[in-house]
Amino acid sequence: MPSIEVRPFQRRDREQLTALVNAHVEAVLPGVAVSVNAVLSQLERDPGETIVDPWAVDRATFVAVVRDAVVAAAHLVRYGSDGRVSESYRDTAEIRWLVFAPGADAAADALVDRSVVAMSEWGAARMYADGSLPAPAIYGIPDVWPHVADALRRGGFAPGERVEAVLVADVAALPRGGPSPLDGLTVRRALGGHATRFSAMLDGRVVGFFEVQADLTAGGALSRLAGWADVWELHVEEDMRRRGIATWLVGHGADWLRLARAERLVDYAILGEGDAHLAFAGALGFRELTRVARGWSRPVTAAP
């Protein structure tokens, strides 16, 4: 059996590391890839994580090498202990992501063991694991990465109870805005908290809104994401539901996406919460890309 070397990431590993990352991205998002620069940027800071990333106080990236080939890699983050850090992240560390070629189980196991040692040396009070690669809709451990889930389990990690579905729809097949479903109901477009928001207005009251991001390329830095769009939020006030408002709002958002020449729209549904959103999205033409297990953790007192 060839020897396995686990060592810190070096810049000369960047192309092989990016190839491993993109193999995992492609398994979730068809035809999508990220650049070497996008991967290297995440190793230094995560520009897409504006809330949690500023809490990070340490980062480390390890690779497992067999016969001069990088066959596995893991990126680790440690979070601070001061008051600005949310209690759920305070004094914690996580495997931000783990990628490896299926079949390289021994290398992955060695890498997970090294990661646990590093987090122990950091003095982490809690250890987590995730799969947040530098691309939209890649988080948790998707069910299309069974080799990663198995490696984490062998390393003592277990998933939490939260499972989410990542959904996609062809924008061309989504409904159009059309006439208002209620007398006096109008739509207002404005900048929302994250992207373009379409609000349903009735008698001066916001009774629902749909927020959607038409461009995921980060200004062209992620060029292979051209044509992809993302749902940030869809909400209708409880007393106004089942009146066609949500479908109407999605239609207006879809009209906007068609103007932007977006082709695919990604959405998300938390399973087990009545699954109402999953059923609604399915009726609009969304289909599942993957199911994601979140909240992976490992007891700190357990032996590596």
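The values are calculated or read from the model by the stated rules, or taken from the named source; none is laboratory data. What you see is a predicted model; the values in this text were computed from it and never measured. Methodologically, a virtual Cβ is constructed for each residue, glycine included, from the backbone with ideal geometry; neighbour enumeration extends over all protein chains shown. We work out accessible area using only protein heavy atoms, side chains counted, and drop any ligands, DNA or RNA first. Shrake-Rupley method; radii C 1.70, N 1.55, O 1.52, S 1.80 Å.
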Checklist outcome for this item: Considering residues that are buried (at least 17 other Cβ atoms within 10 Å of the Cβ), of a type in the set (Asp, Glu) and part of a helix (DSSP H, G or I), the number found within the stretch 12-68 is 1
Checklist entry - Going through the stretch 83-103 one residue at a time, which ones are open to solvent by 10 Å² or more (accessible area, probe 1.4 Å), within 24 Å of the chain's Cα centre (by Cα) and either more than 16 Å from SER297 (Cα to Cα) or of a type outside the set (Ser, Thr, Tyr) (or both)? => result ARG84, SER86, GLU87, ARG90, ASP91, GLU94, ARG96, ALA101, PRO102
Checklist entry - In the stretch 104-157, what residues are open to solvent by 50 Å² or more (accessible area, probe 1.4 Å) and either in contact with a Ser or Thr (Cβ under 9 Å, 6 or more places away or on another chain) or of a type in the set (A, V, I, L, M, F, W, C) (or both)? => result VAL117, TRP122, ALA125, ARG126, TYR128, ASP143, VAL144
Checklist entry - Of everything in the stretch 82-121 that's of a type in the set (Phe, Trp, Tyr) and modelled with pLDDT of 95 or more, which residue is nearest to VAL231 (Cα to Cα)? => result TRP97
Checklist entry - What pairs can you find where one residue is in the stretch 150-179 and more than 16 Å from LEU259 (Cβ to Cβ), the other is open to solvent by less than 40 Å² (accessible area, probe 1.4 Å) and of a type in the set (D, E, K, R), and their Cβ atoms are less than 6 Å apart, with a gap of 6+ or different chains? => result GLY156/ARG298; PHE157/ARG298; LEU167/ASP267
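With respect to ARG197, is the statement that it is open to solvent by 40 Å² or more (accessible area, probe 1.4 Å) and either of a type in the set (Phe, Trp, Tyr) or modelled with pLDDT under 95 (or both) true?
no
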Checklist entry - Can you tell me which residues in the stretch 48-70 are without any contact (Cβ under 8 Å) to a residue 40 or more places away in the chain and out of contact with any Asp or Glu (no Cβ under 7 Å at 6 or more places or on another chain)? => result THR50, ILE51, VAL52, PRO54, TRP55, ALA56, VAL57, ARG59, ASP68
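Only one residue in VAL71, VAL66 is more than 27 Å from TRP232 (Cβ to Cβ) and touching a Pro at 6+ places or on another chain (Cβ under 6 Å), so which one is that?
Working: VAL71 fails: touching a Pro at 6+ places or on another chain (Cβ under 6 Å).
Testing whether each residue is more than 27 Å from TRP232 (Cβ to Cβ) and touching a Pro at 6+ places or on another chain (Cβ under 6 Å) leaves just VAL66.
Could you pull out the residue among ASP267, ASP215, ASP239 that is of a type in the set (D, E, K, R), open to solvent by 20 Å² or more (accessible area, probe 1.4 Å) and not in a helix (DSSP H, G or I)?
ASP215
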